[in-house]
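Novice: Would you mind keeping the following structure in view while I ask a few things?
The values are calculated or read from the model by the stated rules, or taken from the named source; none is laboratory data. Here the structure is a predicted model, which means the values were calculated and not measured. With ideal geometry, Cβ positions are generated from the backbone for all residues, glycine too; neighbour counts draw on all protein chains shown. Calculation scope for accessible area: heavy atoms of the full protein, side chains included, ligands and nucleic acids excluded. Shrake-Rupley method; radii C 1.70, N 1.55, O 1.52, S 1.80 Å.
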Amino acid sequence: MRRDCIRPVSFTFSALFKACGAKLDVELGRQIHAQTFFIGGYESDLFVGNTLIDMYVKCGFLDCGRCVFDEMPERDVISWTSLIVAYAKNGDMEVAGELFEGLPEKDMVAWTAMITGYVQNAKPKEALKMFEMMRDAGVRTDEVALVGGISACAQLVAEKHAQWICDIADKEGLSPVTNVVVGSAFIDMYSKCGRVEEAYRVFESMKVKNVFSYSSMIVGFAMHGKADAAMKLFYEMVETETKPNRVTFVGVLTACSHAGMVQQGRCLFASMQKDYGVVPDADHHACMVDLLGRAGHLEEALELVETMPLEPHGGVWGALLGACRLHGNPDIAEIAAKHLFELEPNSIGNYILLSNIYALAGRMEDVSRIRKLVRGKGMKKNPGCSWVEAKDGNIHEFYAGEMTHPKSKEIKKALEKLLDTLKREGYKPNLSSIVYDISDGEKEQVLKTHSEKLALSFGLLTTTAGSPIKIVKNLRVCEDCHLVMCGASRITKREIVLRDNMRFHHFRDGVCSCVSTEMAMGIWDDGILLPLIPYP
DNA sequence: TTAGGGTTAG
């Protein structure tokens with residue numbers, strides 16, 4: 001067949017592969033793949049090869065995509081990038097990185113694929129490093145690349161980096177005022193950095209707003225416990241005829257949940273489909289279970305799960321289990337846990353939660369039964385990790401129980417001193433988060449090595465007096481650390497912002513912002529730290 | 001005419 005005859009035919013093949021990729025129909029894709037024989041195989045045409053890789057990886061057949069890539073006699077940056085994205089989406093950043101290293105000419109899209117890959121795999125430090133390298137290589141930055149950088153800053157809660165990103169956005173003429181994608185990413189970043197007012201300032205400045213900007217802002221308000229603001233914005237959004245989507249409803253339902261607005265939440269849930277055409281999915285049901293459960297309506301929450309029209313996922317049962325911990329209900333907890341152990345057999349958090357519920361109910365024989373189960377499965381708790389931004393903008397990581405930081409000795413000494421001062425003021429370590437059979441003295445020693453305390457001590461040592469300290473933690477903050485943060489904010493006159501995997505805690509003058517919601521604890525009363533309500 | 005993107009709950 002003559003070469004000029006092949007071109008139109010190869011366009012047809014590519015269009016077919018694209019369609020198969022979109023429909024996730026790998027069987028049909030394979031059949032068409034076999035037919036490339038008639039044009040001398042896909043190897044004869046780079047364009048056909050690239051769309052074939054894309055088809056396989058979209059359908060989830062990464063290995064087949066890799067085979068095509070390996071067999072192609074000629075590849076371009078698009079072939080490499082398709083594969084890099086596929087590995088990144090598969091969570092394999094190591095292979096993605098190797099491919100990227102081997103890529104002879106890296107363009108902006110390839111760099112962005114790596115940046116975004118790291119962001120999606122919760123490796124914000126690596127993402128920012130990539131972003132920096134891309135800038136150093138003199139590659140242009142467009143809005144997609146910028147959004148990758150902004151998301152990385154959001155994950156890190158890194159003020160200095162955030163400012164750096166803002167400056168770049170300015171330089172590149174990508175202003176949140178005129179660019180709705182950049183604007184929405186900034187709203188998200190500021191919310192996640194604990195600066196919800198700044199997020200709202202960006203939101204207000206935006207000339208064009210869409211469902212992403214509204215939803216991001218609503219979710220931001222919800223995250224910081226500002227339920228009224230979230231609801232107000234929701235109705236404002238509806239008035240502007242911006243159609244809410246599923247994420248918008250996750251936001252408003254969460255806001256209601258944290259504020260205990262049960263009736264308001266019930267109404268919203270009922271009107272989702274009726275008034276806005278958004279069919280409640282499992283996530284919305286999880287929000288409702290959380291809302292009802294937190295408010296103590298455990299029976300109603302259970303009924304909702306048992307009668308929901310779709311299969312409940314781990315999030316739904318998890319919300320119920322969390323509510324059982326809050327209200328100390330081991331009976332409903334057992335029902336939720338049974339499903340969770342089936343759905344998420346390797347998630348140790350559920351076992352720990354159930355064992356804590358038994359412990360609260362004084363059912364110690366059940367506690368040891370669960371512990372044995374966990375041991376038998378060989379499961380280990382994820383190590384706690386916290387990070388904090390130093391004065392120079394560098395991010396410092398701390399793992400629970402590890403003293404590998406170069407300044408470990410000073411950090412430990414400063415922490416001891418801080419804890420001694422707190423004790424003189426009435427602080428008593430809260431040992432309840434430690435469930436192993438060790439003495440109280442040993443428990444206290446373990447608590448001293450919690451990652452957020454190390455991060456706090458480092459922050460106090462290395463940042464300017466009076467400036468706020470921002471800490472991020474991968475797990476939920478424990479009772480004792482929460483107590484210490486409260487006390488530290490008072491005696492050091494520092495604002496401490498701690499983001500754990502659940503929400504924000506703003507500690508100021510001995511009080512935490514979560515006090516007004518479900519986590520009222522560690523407030524100062526005549527100079528004595530008192531847990532008000534048992535920590536969930 | 002093939003590659004990268006923003007919001008998500010326990």
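Novice: What number, rounded to the nearest 500 deg cm²/dmol, is the helix-based mean residue ellipticity at 222 nm of chain A, given -39500 (n - 2.57) per DSSP H run of at least four residues and division by all its residues?
Specialist: Numbers: 26 runs with 336 residues, N = 536.
Helices in chain A give a 222 nm mean residue ellipticity of -20000 deg cm²/dmol.
Novice: Hey, another quick one. Beyond 17 Å, what share of the Cα-Cα pairs of region A:281-381 remains, rounded to the nearest whole percent?
Specialist: For region A:281-381, the share of Cα pairs beyond 17 Å comes to 48 percent.
Novice: Specify the angular offset, from 0 to 90 degrees and rounded to the nearest 10, of the alpha carbon long axis of helix A:62-71 from the longest principal axis of the alpha carbons in chain A.
Specialist: Value to nearest ten degrees: 40.
Novice: Which one, A:214, A:484, A:359, projects farthest toward the positive side of the charge dipole computed for chain A from Cβ point charges (K/R +1, D/E -1)?
Specialist: With unit charges placed on the Cβ atoms, the residue in question is A:484.
Novice: Pairs A:171/A:226; A:380/A:428; A:123/A:470; A:160/A:207; A:453/A:493; A:89/A:226: which are spaced more than 23 Å apart, C-alpha to C-alpha? Let's see the in-between values first.
Specialist: Details: A:171/A:226 33 Å; A:380/A:428 28 Å; A:123/A:470 18 Å; A:160/A:207 26 Å; A:453/A:493 17 Å; A:89/A:226 34 Å.
Correct reply: A:171/A:226; A:380/A:428; A:160/A:207; A:89/A:226.
Novice: Could you provide, to the nearest whole Å², the per residue accessible area of chain A with probe 1.4 Å?
Specialist: 47
Novice: So for chain A, what are the equivalent ellipsoid semi-axes in whole Å, largest first, each being the square root of 5 times an eigenvalue of the Cα gyration tensor?
Specialist: 44, 29, 25
Novice: Another question about this same structure. I need the peptides A:374-382, A:449-457, A:322-330 ranked by packing, meaning the mean over residues of other C-beta atoms within 10 angstrom, with the highest value on top.
Specialist: Order by mean packing, descending: A:449-457, A:322-330, A:374-382.
Novice: A follow-up question, please. Which angle between 0 and 90 degrees, to the nearest 10, do you get for helix A:180-192 versus the longest principal axis of chain A when only C-alpha atoms count?
Specialist: That works out to roughly 30 degrees.
Novice: Please compute the contact order of chain A in relative form: average sequence separation of alpha-carbon pairs under 8 Å and at least six residues apart, divided by the residue count, as a percent.
Specialist: That works out to 7 percent.
Novice: For helix A:227-239, what angle does its Cα long axis make with the longest principal axis of chain A, in degrees from 0 to 90 and rounded to 10?
Specialist: So the helix axis and the longest Cα principal axis differ by about 30 degrees.
Novice: How many angstrom lie between the C-alpha centres of region A:420-434 and region A:269-283?
Specialist: 46
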